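One structure is given below, encoded as structure tokens.
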Amino acid sequence: MDQVVEQEREQVETGYPTAVVVRFGGSRYAVDMASVAEVVPVPVTSRVPGCPRWLSGVVNWRGRVLAVVDPRSLLGAETLPLPSSARLLVLSADGVEVGMVVEAVAGLLEAGDSDPEPPPATASSTASAMVLGVVADASGPISLLDARSVLALRSDLPSAR
């Protein structure tokens, strides 16, 4: 009996969780709903000098300073001015929070039990590192964005002197 329980624990989970579907350019991405703390209109962002282009700046979020990431340049999407449909997804994992600007929230992706396909070979190494895989629904492909890799971008920021 104990061996059966142990084997079940060792099995790799398959499929993907329920996720929030967002848009960057003409592409759709899904972010695990467990990592999304809040979705709000994009607040006024204060730019931080000397930071990479993908860091939009910081905002006051519930009395705290929240870094705001715009991953469009990392994912190969064109960085046009944000439309009125733009939203800020507040991502949270392991006590770390970051805001991620998206062009629109397109809905939900229900959890599935099929394994995602790997990211396309044409994706840049940066984009491939941020995408867990690709699934399809009736409207086409959806890339599964790894919220932890977005949160880990903080390690790429310049350190204080």
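What the table shows:
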read-out: Selection within the stretch 110-151 - of a type in the set (A, V, I, L, M, F, W, C), in contact with a helix residue (DSSP H, G or I) (Cβ under 9 Å, 6 or more places away or on another chain) and within 27 Å of PRO41 (Cβ to Cβ); value: ALA127, MET130, VAL131, LEU145, ALA147, VAL150, LEU151
read-out: Residues (surrounded by 13 or more Cβ atoms within 10 Å (Cβ to Cβ) and touching a Ser or Thr at 6+ places or on another chain (Cβ under 8 Å)) located in the stretch 106-131; value: LEU109, ASP115, PRO119, ALA129, MET130, VAL131
read-out: Residue in the stretch 138-146 that is crowded, with 17+ Cβ neighbours inside 10 Å, in contact (Cβ under 8 Å) with a residue 60 or more places away in the chain and in a helix (DSSP H, G or I) present; value: no
read-out: Enumeration of residues in the stretch 147-158 that are surrounded by 12 or more Cβ atoms within 10 Å (Cβ to Cβ) and without any contact (Cβ under 8 Å) to a residue 60 or more places away in the chain; value: SER149, ALA152
read-out: Number of positions in the stretch 32-53 that are outside any strand (DSSP E or B), touching a strand residue (DSSP E or B) at 6+ places or on another chain (Cβ under 6 Å) and within 19 Å of ASP146 (Cα to Cα); value: 2
read-out: Pairs, first free of Cβ contacts under 8 Å to residues at least 60 places away in the same chain and farther than 16 Å from VAL31 by Cβ in the stretch 68-90, second small (Gly, Ala, Ser) and in a helix (DSSP H, G or I), C-beta under 8 Å, six or more apart; value: GLY76/ALA127; THR79/SER73
read-out: Every residue from the stretch 105-129 that is assigned to a strand (DSSP E or B) and either under 13 Å from the mean Cα position of the chain (by Cα) or closer than 18 Å to SER149 by Cα (or both); value: VAL105
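Coordinate-derived values only; no laboratory data. Being a predicted model, the structure only gives us computed values, none of them experimental. No Cβ is skipped: glycine too gets one built from the backbone with ideal geometry, and neighbour counts run over all protein chains shown.
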